[in-house]
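**Q** Would you mind keeping the following structure in view while I ask a few things?
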Amino acid sequence: MTNKAPWDNSNSVCSMEPAAGCSPTVPEGELYRSVQAVLPRDTDNQQNPDLSNKGMLRWTLHKKVQNNPTNSLSLVWVLIKELEKAERWDSRKCIIPLLHTLMYAIIQTAYIPDELYKRVYDFCKRLLTYPHPYCNVGLSYTRQIKTERSTPGLMFQRMVTAEQRLKNEHYPFQERIFVLADPEIFSGSLGQVLLGDIEASSSISDSDGSLSPLDHMCNVVQHSIQAALGADQCDGPRLAQALKDMGQDVESHFQEVLAALEQSAEEGGRGEGRALRSRLKRLYSRILTDTDSEPLSSGRLRDCPLPNPEMSFHLWTEDLDIWRELAKWFRSSSMSDQFSLSQEQEDFELGESPGDVMPSDMTRFSVMSNDSGIERDLPPGSDTSPSSSLDSASISTSWEQCRSEQDLSRLSRRGGIRMKTSVKDSMVLMQDTLEEHASLGGGIRERGGRKGETLQRRAGGNTMQNLFPKQQRHFIARIVIMGDDRVLGRLAKAYYLLRKREARRLFLTMKVNLQFYYIPVCSATAPISSNKGNLHQSKGNPCTLGSYLSMVDPWYSSNIKSLGCMIPKLAKLMNPGRPKEPFVSDVISYYVRTGQQPVYFTIYFVKITFTSMTKDPVEDVFLTHLEMEFPEFRQISASCRDKPKKSSGEVCGAVISMKYRKVTLSGRDIDIGMSVRTSGAQISAIPSNEAEDLNCLTMTFNESPTKLKNNTLESKIRSSNIKIRTLESRSFTVRLDRDCRRTYRDVQSIEISPCLDPGYCVQKTMRSKFKLGEDKEAGLSKYMNKGLPLPINTFAGIIT
């Protein structure tokens, strides 16, 4: 049966019990041709229209083998042969796409012979001798295959148990996907299509209705027994019917299977898994005996489809606090210590503590108070105890004074003491920062004196976890961002404020593992630029970060960038309602399950000072782009770019003073100051092309600026610290991450620098208590990156 496009409502969903003709056996030659069609080629370029179809072809390939165990096993054989051929021909461009496709097929295959496991394991182990990122991906899959070989079915069991939040006593991990969409893009039909697709994914059903937790438990038991025994010792359809007839009693068998698999994994598969197979064989016989079924020694296997994870769809409006949503999910998912948890969440939901720095247009949840809450700190003569005898005049005077000074109401003293961050909480945040930042040489002192910073963008998994294992966090929140650079700017800002909040009172960091994913989607009128020569050829490219990830990771380009381009088309082609074959949620599931190699993007801090003396400076952050311009020169700047510069400032622009630290590959940074005349500038944190992939800011002027005095001015300025100040009475406008909602007017100066990680600040503060006046870095500071990066997960990281 040929798989039709997901928007074709004539499709019929295959039942959980494969019927005749539903999933016919696909010849190995057809599987080979399908695999070849999915693979990237040397002749592919980012502007090839066929490249955007590879994501659909990959989805179609998995659909071909989804409901037939024979097809799944055949696909595994085809893929390992193709991997070995790519190794012989040194075709590294195909290795990571083939390897991800192989592992995704292995998880869903009912039974794999040991010789095939060994072949896959040997190949993954050989990848350890390859450079980054191949060795990172190879190491991750080598460990998984080694465990899966000794404990067959473990990956399927853990994935379903965590993603579907099945109650058990042996594997406490739980996961959830939060899809955050930019309301500026996903409004109207586009948002309805995405919501309908996700809802359809969560309600995929068989002929009897939606899948319940008991159905998932049956699938876990079925898959685990089949993976251990194979067709020679197990009759899949008979076992499936027996489990279905059990009803609620299947839960005890589910718990027994989990106990057996987790015990085998903990023991490292001693005895080549013979004890596990013997235990599951006894369970198999008991299940058939309990349901008056005659045990069969052999038969055919039955497929157990891998359901999509739980997803929730959110339009990221101004009213949505994503961290509060995560706290609610964590609270509802917790099984114990409800009182302590509710108290911690109450503290978390109180919002930002005094001292948070944020733009003036953001809602604040707390106010500054000079009252420590301790009675001995009160001024002499003050008393707030209920027994004090104060006359009404003093009460009135005191109250009016409080209102005049604070302009606040309903302030009252609460019974309590001032809480300080415990040493344990501080160490958890410091360890989290150390593990995230120090894995790829964050503490190396480069020649020339730059400390803890490199111009090479960091990517890949964390190797330090083996040396410093972190506290187990049983909750995994996979946050999928959909939109353009604007929504990424909001994510960076929210992440920065969360880290500041966690530095004062830990809540999410200790309990929830945050994973970030990004799907670039823009309006139909603003296509994503993917030219490798220059990602920023057009000033209006709305998805610069998505274009960069597509450039460094071809498999990301084939599956995720193509999805972003396809979603607006799906909105036009799909009929209203839920699709019978969800496509978007299937691709999201594939992305979050196999995309485990993060690429780190530095979050930049900007301090904005205004011309008005009555307006306080504002502190904000940005991730991809900062634009500054003088509004009065907006119309004429384009016309005067190619003309000879005149002496009149009315034509060339306004005079600004610049101070920046020029970064060099050698690490010998130079501080430069100059004055130039310009109408505006663009400051980008995303590399403009593959040859200039440096982790720093690149500043370009709207036109060739006029040099003042005898300065040497480059066409592009690369720096990590920039200070700009207008020297005339004119003010300029600043826009962050191309978001018109984050535009600041009447600006006099800006100061840009990498955002400091609160984990680093906590460690530095703790040291300053013991060694006053000593600025030299020591202890853990030498191994910690000062900057705060935002990790975006991809399939490969950065392929150079």
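The values are calculated or read from the model by the stated rules, or taken from the named source; none is laboratory data. Small disclaimer: the values here were computed from a predicted structure and weren't measured. Methodologically, a virtual Cβ is constructed for each residue, glycine included, from the backbone with ideal geometry; neighbour enumeration extends over all protein chains shown. Side chains are part of the model used for accessible areas, which takes the heavy atoms of the whole protein and leaves out ligands, DNA and RNA. Shrake-Rupley method; radii C 1.70, N 1.55, O 1.52, S 1.80 Å.
**Q** How many residues does region 588-608 contain that are charged (D, E, K, R) and in a strand (DSSP E or B)?
**A** Restricting attention to region 588-608, the residues satisfying the condition of being charged (D, E, K, R) are 593, 607.
Retained after the next criterion (residues that are in a strand (DSSP E or B)): 607.
Qualifying residue count for the region: 1.
**Q** In region 673-700, how many residues are closer than 27 Å to L788 by Cα and either open to solvent by less than 10 Å² (accessible area, probe 1.4 Å) or not aliphatic (A, V, I, L, M) (or both)?
**A** 19
**Q** How many residues are among the acidic types (D, E) and at pLDDT 90 or above when one looks only at region 662-703?
**A** The number of residues fulfilling the criteria is 0.
**Q** Oh, and also: Do we find that Y760 is part of a strand (DSSP E or B), aromatic (F, W, Y) and either at pLDDT 95 or above or over 16 Å from E632 (Cβ atoms) (or both) in this structure?
**A** Criteria not met by Y760.
**Q** Considering only region 422-533, give the helices (runs of 4 or more DSSP H) lying wholly within it that have at least 1 residues that are open to solvent by 30 Å² or more (accessible area, probe 1.4 Å) and modelled with pLDDT of 70 or more.
**A** Qualifying helices (runs of 4 or more DSSP H): 485-504, 508-511.
**Q** Here are the criteria: (1) part of a helix (DSSP H, G or I); (2) more than 21 Å from A105 (Cα to Cα); (3) not charged (D, E, K, R). Tell me which single one V221 does not satisfy.
**A** So the condition that V221 fails would be (2).
**Q** Would you please name the residue that is most open to solvent (accessible area, probe 1.4 Å), looking only at residues in region 21-39 that are among the polar types (S, T, N, Q) and modelled with pLDDT of 90 or more?
**A** Going through the qualifying residues, I end up with Q36.
**Q** Can you tell me how many residues in region 172-211 are open to solvent by 40 Å² or more (accessible area, probe 1.4 Å), part of a loop (DSSP other than H, G, I, E, B) and at pLDDT 85 or above?
**A** Counting residues in region 172-211 that are open to solvent by 40 Å² or more (accessible area, probe 1.4 Å), part of a loop (DSSP other than H, G, I, E, B) and at pLDDT 85 or above gives 3.
**Q** Further, regarding this structure: Within region 102-125, which residues are closer than 27 Å to Y556 by Cβ, part of a helix (DSSP H, G or I) and open to solvent by less than 10 Å² (accessible area, probe 1.4 Å)?
**A** L102, M103, A105, I106, V120, F123, C124
**Q** Considering region 224-243 alone, what residues qualify as being assigned to a helix (DSSP H, G or I) and surrounded by 18 or more Cβ atoms within 10 Å (Cβ to Cβ)?
**A** S224, I225, Q226, A227, A228, L229, G236, R238, L239, A240, A242, L243, listed by residue number.
**Q** Six or more apart or on different chains, Cβ atoms under 7 Å: show the pairs whose first residue is in region 72-84 and more than 15 Å from K118 (Cα to Cα) and open to solvent by less than 10 Å² (accessible area, probe 1.4 Å) and whose second is of a type in the set (A, V, I, L, M) and not in a helix (DSSP H, G or I).
**A** So the pair list comes out as S72/A110.
**Q** Then there is this: Look through region 126-159, keep the residues that are closer than 12 Å to S224 by Cα and hydrophobic (A, V, I, L, M, F, W, C), and return whichever of them is surrounded by the fewest Cβ atoms within 10 Å (Cβ to Cβ).
**A** Step by step, filter region 126-159, then rank; the result is M155.
**Q** A further question follows. Out of Y600, Y556, Y590, which single residue is within 21 Å of the chain's Cα centre (by Cα), in contact (Cβ under 8 Å) with a residue 60 or more places away in the chain, more than 17 Å from N53 (Cα to Cα) and surrounded by 19 or more Cβ atoms within 10 Å (Cβ to Cβ)?
**A** Within the list Y600, Y556, Y590, the selection yields Y600.
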